[in-house]
Amino acid sequence: MSTTPPPQALSADVRPAMDERTADDGALGWLRALGPRGRRAFAGAFGGYALDSYDYFTLPLSMVALAAYFGLNSGQTGLFTTVTLLASGVGGALAGVMADRFGRVRALMITVITYAVFTVACGFAPTFETLLVFRALQGLGFGGEWAVGAILVAEYASAKHRGRTLGAIQSSWAVGWALAAIVYTVVFSVMDDDLAWRVMFWTGALPALLVVWMRRRVQDAPEAIAVRRKSAGKGSFTAIFKPGLLRTTIFAGLLSTGVQGGYYTLATWVPTYLKSDRGLSVVGTGSYLTFLISGAFLGYLTGGYLTDRLGRRRNIWLFALLSAVCIVAYGNIPNGANTLLLVLGFPLGFCMSAIFSGFGSFLSELYPTAVRGAGQGFTYNAGRAVGAVFPTTVGFLADSWGVGGALVFGAIGYAVAALALFGLPETRGKELE
């Protein structure tokens, strides 16, 4: 029995969304196909994820200053990432259940407020232990934002364009990363490091402005509202572990673990690698990150296109291989060859981001509407939590191996992701009921 409201029950700006799913395949056909409400949902999810990225990168970019301020070794600084990603596993699971029970938009606003408040709190931390606690609490909101925002947009997108649409959402991570790198370059150039790292965290208050706009302008997809009403808002977390979905949950979690283990190894340690191992200045580090981030932005968009053309699994397989090759090469560039380091940053950023582009569509298509939030929220963020072992391992080995040598553990993560795909079906072209 269909859960879609009859045409006469839909508001005027919802009906075009249904009609426009047959829009042309031009460069922006995927955006036109969303309809007016879908485009507002896209804007909210895009902004939320960009600012999620910005708040996340305030830590890696400030890592060297934090280590000096609190007198930390590499293993201790690696713990910041570990607690963030571990907490994100809990936050993602909670946000997913909230999205199924109370709605996608309401859950999205809660996650944005959470990560913004505790990012600002990090700037007031008087001790290493306090900062660790605040970073863990920030991880609760950080973990839930992407999964909920991706589901919100996936339920507006057509099957034909879903990969490109969610790939565009994913590209906002590079936008937030770029903004953080710009602010880092300015703040650390004009302030002493002891104050600059605090200012970086205080700028994490920006997402509060987005929440005000979302509260007025963004709504769930009509089909999702109908399903939630039918189930009386009783989304079940345990359902994703029952026989019909258990296999999917296990292998989707392994896939996420591998991809995010590789990604966060790089995201956490590349700024330190450039500044400490390669001896670059603040401005120099920002310049090298420009190549990495530019590659990331184009990688997200290209990966979104390819996941619709090649399929979800082939896209991930392709870029898992290329990412592993790039990360090993990047970490083993000889001293003095900084030009090569600069050039290789682009393909590294491109490949490690293109692999993510299919995640939003793939995970959304693996679960039914009633438990989509729980399924996607748990698998994506459980992967983040378990994947935290990779950047932590790099942190503890960095003193003896050097950061560049220890980055090889990121490549192992991509191998895990490639193997996990053997347990998951191809979902390209699947309609969301």
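Here are several values of Rg/Rh (Cα atoms, Kirkwood Rh): (i) 1.15; (ii) 0.96; (iii) 1.06. Which one was derived from the coordinates shown? The listed entry that was calculated here is (ii). Among Glu223, Glu145, a tally of other beta-carbon atoms within 10 Å of each Cβ gives an order, fewest to most, of Glu223, Glu145.
Mind checking which helices in the chain clear 30 Å along their axis (Cα) and have mean Kyte-Doolittle hydropathy of 0.0 or more, DSSP H runs only?
Result, helices passing both filters: 35-70, 74-102, 128-154, 162-190, 243-272, 282-309.
Run the numbers for Arg216 and Val343: contour at 0.36 nm per residue of separation, minus the present Cα-Cα distance, in nm. Display every interim value, and only then the final one.
On the way: separation 127, 0.36 × 127 = 45.72 nm, distance 4.40 nm.
Separation in residues times 0.36 nm, less the Cα-Cα distance, equals 41.3 nm.
For segment 36-110, just say rounded, prolate or oblate: build the C-alpha gyration tensor, square-root its eigenvalues into a ≥ b ≥ c, call rounded for a/c under 1.5, and beyond that prolate if a/b exceeds b/c, oblate if not. Oblate, because a/c is 1.5 or more while a/b does not exceed b/c. Add +1 for every Lys or Arg and -1 for every Asp or Glu among the other residues with Cβ under 13 Å from the Cβ of Ile355, and state the total. Spelling it out: positives minus negatives among the neighbours equals +3.
Local charge for Tyr56 was computed over the other residues whose Cβ lies under 14 Å away, with Lys and Arg +1 and Asp and Glu -1, and equals -1.
222 nm [θ] for the chain, helices only, -39500 (n - 2.57) per DSSP H run of 4+, per residue, to 500? Don't skip to the end; give the middle numbers.
Details: 19 runs with 328 residues, N = 433.
That calculation yields -25500 deg cm²/dmol at 222 nm.
Between the amide H of Arg428 and those of Arg312, distances stay under 5 Å, these residues lying 5 or more places away or on another chain, with hydrogens modeled in the peptide plane.
Of Lys430, Lys230, the sequence from fewest to most neighbouring Cβ atoms within 10 angstrom is Lys230, Lys430.
Compare the peptides 382-395, 108-121, 180-193 by average per-residue count of other Cβ atoms within 10 angstrom and give them in order, highest first.
382-395, 108-121, 180-193
With contacts taken as Cα pairs under 8 Å at a separation of at least 6 residues, the chain carries a relative contact order of 26 percent. Length gained on full extension, Ala205 to Ala43, computed as 0.36 nm times the residue gap minus the Cα-Cα distance: 56.4 nm. With a cut-off of 13 Å between beta carbons, the residues surrounding Gly423 carry a summed charge of +1, where Lys and Arg count +1 and Asp and Glu -1.
Values quoted throughout were computed directly from the atomic coordinates according to the rules given, and no laboratory measurement underlies them. Remember, it's a predicted structure, so these values are computed and weren't measured experimentally. All Cβ positions, even for glycine, are placed from backbone atoms using ideal geometry, and neighbour counts span all protein chains on display.
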